[in-house]
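Below: one structure, written as structure tokens.
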Amino acid sequence: MFWPIIAALLAVAIFALHRSWKKKIRAAVERNEKELAQLRESHREILSNAGAQQKTLFDSMVEGLLLLDNAGRIQLANRALENLFGVKNGICGKTIIEAFRNHQLTELAHRLETERQILEFEIQLSEIRSRWFQVNAALITDENGKRNGSVFVFHDLTRLKQLENTRQEFVANVSHELRTPLSMIKGYVETLLDGAKDNPEVAEKFLQTIEKHTDRLTFLIEDLLTISQLESGQIILNRELHELHLLVEKVIGDLKSRAAERKIYLANEVPGDLRAHIDLDRLEQVLWNLIDNAVKYGRAEGTVIIGARSGDSKIEMWVKNEGAGIPVAAHARIFERFYRVDKARSREQGGTGLGLAIVKHVVQCHGGQVWLESELNQGATFHFTLAET
Ligand code: ADP
């Protein structure tokens, strides 16, 4: 008779137990879910921190970096690469040919299908202006050796190539400049030995020509030495305060007879009280080169004016001549080594083609600038500045 009551009590107890377990289980599930969410959040944070660190690292590289996936699509391009190639964002997801339109790079990517690593592959991009790159490329593999994309590292070689070209050009120019007077000297010596020496009149004329070419060789070698000293920074300027009018007077004195040959008047219009901290010998060379050019290339029977003024804590000097002047197209290159507007005329005048390059270097060593104002048939004025103190 108690059974029904016992059964009812048991049922109530079981029900209560079930409810309490259900509650506990729900609480445990909720706890787990919360922990899982926290774990997910911290995992996301770790991933995003690692991503940010990786991006900072890649973007701080000087070399351009490109990561491709297995399908050859760009996964990542660092900032250096975007700058080197002038591409912004948009290249992720593209293939190399779509992004760069360069067959050498495409060829490199194809080679990675059979090779694991390709080192020091040189490419040239010339769409806008010629740029050179050295590319190292390698396959990325997982721990089982399975392909997992590829990586390309780009070094910009443009500056190095430009320097190499300048050096080669310089050596070629020097060899050419040396060869011309040397072959003339050899020719005249051979003619003398072949019998011309027995005719005193002819012999003297030939010897004078040989002397002229020997002088040219000497000037050329002196100018080359000066240029190489200036460019290697070996020259230490001995700067002292000097009166510019006096210096110009001295150079005019040295060039007077050359000017007289072409009936050119040299006018020193530099104010008497103007003084500057200069290396006297070097500045004398600057003025000598500019005034000598004005005499050589200026109008015969014309005037060459040497002037100066001070202002803005610097001194500006100029050498102005009349005559044919220099075409505007030549202005940008006139201070380059061996650049000549009229090659034949320069050589005939015994010019080395290095005078204005020396002028530019010396003026820059004095902290100044040099420039040219000239129009065809309006003469030419070479200006340069010097720091006042
Ligand atoms: P160079 O030894 O040939 O005179 P420079 O470097 O002194 O070499 O001058 C380079 C070229 O610039 C000259 O060959 C000449 O063609 C041109 N040039 C220089 N100065 C003048 C000038 N005052 N008027 C016209 N042309 C000039």
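The values are calculated or read from the model by the stated rules, or taken from the named source; none is laboratory data. Nothing here was measured: the structure is a model prediction, and the numbers come from that model. Note: ideal-geometry Cβ built from the backbone for every residue, glycine included; neighbour counts use all protein chains shown. Remember, those area values only see protein heavy atoms, side chains included, never the ligands or the DNA or RNA. Shrake-Rupley method; radii C 1.70, N 1.55, O 1.52, S 1.80 Å.
For Gly379, are the conditions met, namely being within 13 Å of the ligand (Cβ to nearest atom), in contact (Cβ under 8 Å) with a residue 40 or more places away in the chain and open to solvent by less than 50 Å² (accessible area, probe 1.4 Å)?
In short, yes.
Going residue by residue through the stretch 193-200, is there one that turns out to be away from the ligand (no atom under 16 Å from the Cβ), farther than 30 Å from Leu163 by Cβ and touching a residue at least 12 places away in the same chain (Cβ under 8 Å)?
no
Take the residues in the stretch 302-357 that are assigned to a helix (DSSP H, G or I) and more than 9 Å from the ligand (Cβ to nearest atom), then tell me which one is least open to solvent (accessible area, probe 1.4 Å).
Residue satisfying both the conditions and the ranking: His331.
What are the pairs, 6+ residues apart or on separate chains, where a residue within the stretch 275-288 that is within 15 Å of Phe382 (Cα to Cα) has its Cβ under 8 Å from a residue that is of a type in the set (Phe, Trp, Tyr) and open to solvent by less than 10 Å² (accessible area, probe 1.4 Å)?
Val286/Phe384
Tell me, yes or no, whether the stretch 33-55 has at least one residue that is within 17 Å of Ala137 (Cα to Cα) and open to solvent by less than 80 Å² (accessible area, probe 1.4 Å).
No: zero hits.
For the stretch 156-169, name all the residues that are open to solvent by less than 50 Å² (accessible area, probe 1.4 Å) and of a type outside the set (Lys, Arg).
Leu157, Thr158
Considering (1) over 38 Å from the mean Cα position of the chain (by Cα); (2) of a type outside the set (Gly, Ala, Ser); (3) more than 16 Å from the ligand (Cβ to nearest atom); (4) open to solvent by less than 50 Å² (accessible area, probe 1.4 Å), say which one Lys256 fails and leave the rest.
(4)
Just to be sure I understand, how many residues within the stretch 288-299 are crowded, with 24+ Cβ neighbours inside 10 Å and closer than 18 Å to Gly368 by Cβ?
2
With the requirement that a residue be more than 10 Å from the ligand (Cβ to nearest atom) and outside any strand (DSSP E or B), what does the stretch 358-372 give you?
His361, Val362, Val363, Gln364, Cys365, His366, Gly367, Gly368, Gln369
Go through the stretch 66-119 and count every residue that is of a type in the set (Gly, Ala, Ser) and closer than 20 Å to Trp132 by Cα.
Matching residues across the stretch 66-119 total 5.
Picking from Lys55, Lys23, which residue would you name as being of a type in the set (Lys, Arg) and farther than 30 Å from Arg111 by Cβ?
Step by step, each of Lys55, Lys23 is checked, and only Lys23 is of a type in the set (Lys, Arg) and farther than 30 Å from Arg111 by Cβ.
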